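Laboratory data are not the source of any read-out in this text; all were calculated from the coordinates shown. Remember, predicted model here, so these are calculated numbers, not experimental data. Methodologically, a virtual Cβ is constructed for each residue, glycine included, from the backbone with ideal geometry; neighbour enumeration extends over all protein chains shown.
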Amino acid sequence: MKDSSARPIELDSAMVAHLEEVAKKYKLPDIGKAVRCLVNYSRENPERSDEIFDEVRCVDC
């Protein structure tokens with residue numbers, strides 16, 4: 001059995017809207033599943049960590 005529990009994360013309204021669109025498009029049960037997919041992708045592709053996390057992004061600046 002997985003050791004999982006709910007964890008609060010801060011997301012602005014544009015991020016939530018994007019995750020809702022992704023969840024709808026890919027028929028995911030909720031935005032939590034979309035976030036878990038992103039985390040799993042990062043874990044499965046450690047060679048892309050710099051690409052994912054090192055670059056500072058500000059799409060709303």
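Cysteines in the chain that lack a partner Cβ within the 4.7 Å cut-off: C37.
Working note: Debye formula, equal point scatterers on the alpha-carbon atoms of the chain, no solvent; log10 I(q)/I(0) at q = 0.19, 0.21, 0.23 Å⁻¹ is -0.94, -1.09, -1.21. With both labels modelled 7 Å from their Cα along Cα-to-Cβ, the E20 to R43 distance reads 2.8 nm.
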